[in-house]
Amino acid sequence: MKTDTRLLAGLTELGIPYNDRMLEQLETYYEMMIEKNKVMNLTAVTEKDEVITKHFLDSLCFAKVYMAKRKEGFSPKIIDIGTGAGFPGIPLKIFFPEIQIVLLDSLQKRIIFLQDVVSMLGLDGISCVHGRAEELSGKAEYREKFDYAVSRAVARLASLSELCVPFVREGGQFLAYKSEGATEEIDEAREALSTLGCKKVEILSYTIPQSDLPRKMVVASKTAPTPAKYPRGGGKPMKQPIGVKK
Ligand code: SAM
């Protein structure tokens, strides 16, 4: 990764400082993911240049929200919901070592892989948790405890909001990484976001650095606590998303 001009230019474009150790950690992570992908479904994208843009730089677009606050010496607590092979959470932890992050996934095999990654890379301030978001967010140690909940490629926004917003403290933000064509999905989720306590919602539109791939990020600011009845059980967040007519 040290000589990968696309990665280095992408980091510069995002305003993210880096050092050799971070680039070595990213290289090791890439190699572990490709190796494990031979026996387990982790990623459809394996070619290095594509992984750099579609996984690494895409994940790091968190910088668009975070860099201004980072300058103020903020060390946030973050939860990555449905992290899969570790996106966006692992690249965030490598390049923003000051964060404390929980990587959550309902598939235990992926969590075991991520625990290996964490120990091989020598990361601290990171925990890999096996569980379902809608079960964990009811527990006192998780509920409304995070500055940011981030999530990429897990569910449609109205459902995803019910999985993610209960983790966010008042004054914190839920960030959903979405594709360019997510406009309808975003409109459909406005009632859910508001009901769950996010009255202020901004949409960032951009292309992933060093590519022409358009993306959107939903930035939902939590302005009120989530009512205790959310998230609902019995698969309701997915089957009957708040505010979505059948
Ligand atoms: N975020 C990663 C990415 O962008 O590459 C992984 C996306 S993958 C398509 C979705 C992941 O979400 C899977 O690993 C799945 O196990 C996890 N997941 C789905 N529903 C979940 C839930 N309710 N709670 C926790 N994890 C969930």
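The values are calculated or read from the model by the stated rules, or taken from the named source; none is laboratory data. Just so you know, these numbers come straight off a predicted model, no measurement behind them. Positions of Cβ are backbone-derived with ideal geometry, glycine not excepted, and every protein chain shown enters the neighbour counts. Accessible surface is based on the protein model in full, side chains and every heavy atom, while ligands, DNA and RNA are left aside. Shrake-Rupley method; radii C 1.70, N 1.55, O 1.52, S 1.80 Å.
Nearest 500 deg cm²/dmol is fine: what mean residue ellipticity at 222 nm does the chain get from its DSSP H runs of n ≥ 4 alone, each adding -39,500 (n - 2.57), divided by its residue count?
Taking each H run of at least 4 residues, the total per residue is -9500 deg cm²/dmol.
How about Lys178: which aspartates and glutamates have a C-alpha closer than 19 Å to its C-alpha, ignoring those fewer than 8 places off in the same chain?
Answer for Lys178, where 19 Å is the Cα cut-off: Glu50, Asp58, Asp80, Asp105, Glu162, Asp187, Glu188, Glu191, Glu202, Asp212, listed by chain and number.
Label-point separation (nm) for Lys245 and Thr183, each offset 7 Å from Cα along Cα-to-Cβ?
Each label point is offset 7 Å from its Cα along the Cβ direction, giving 2.1 nm.
Where Lys and Arg each count +1 and Asp and Glu each count -1, what net charge lies around Lys246 among other residues with Cβ under 15 Å from its Cβ?
+2
Taking only C-alpha pairs under 8 Å that are 6+ residues apart, what is the relative contact order of the chain in percent?
16
Relative to the longest principal axis of the chain, what angle (0 to 90°, nearest 10) does the C-alpha long axis of helix 108-121 take?
It is inclined by approximately 40 degrees.
Pairing the Cα long axis of helix 5-14 with the longest principal axis of the chain, what angle in degrees results, from 0 to 90 and rounded to the nearest 10?
Its long axis makes an angle of about 40 degrees.
Where does the charge balance sit around Asp58 when Lys and Arg score +1, Asp and Glu -1, over other residues with C-beta under 10 Å from its C-beta?
Net local charge, Asp58 excluded: +3.
Taking the chain as the reference, fit the longest principal axis to its C-alpha atoms, fit the long axis of helix 20-36 to the helix C-alpha atoms, and give the angle between the two in degrees, 0 to 90, nearest 10.
70
Report the full-extension gain for the segment Gln100 to Arg132: residue separation times 0.36 nm, less the Cα-Cα distance, to one decimal in nm.
9.5 nm is the gain from fully extending Gln100 to Arg132.
Give the cross-link partners of Lys2 among the lysines, using a straight C-alpha distance below 20 Å as the criterion and excluding same-chain residues fewer than 8 apart.
Lys48, Lys54, Lys93
Report Glu180's accessible area, 1.4 Å probe, all protein chains in place, as a number in Å² to the nearest 10.
Here the residue's solvent-accessible area equals roughly 90 Å².
Take the cross-link list Lys139/Lys236; Lys69/Lys145; Lys36/Lys216; Lys64/Lys200; Lys145/Lys199 and give me the ones stretching past 21 Å between alpha-carbons.
With Cα atoms farther than 21 Å apart: Lys36/Lys216.
Counting only heavy atoms of the protein chains, get the accessible area per residue of region 5-225 (1.4 Å probe) and round it to a whole Å² value.
41
What value does region 5-225 have for Rg/Rh, both radii from Cα atoms and Rh as Kirkwood defines it?
Dividing the radius of gyration by the Kirkwood radius yields 0.94.
Computing the accessible area with a 1.4 Å probe over protein heavy atoms, can you report the carbon and sulfur percentage for region 1-143?
Heavy-atom surface of region 1-143 belonging to carbon and sulfur, 1.4 Å probe: 49 percent.
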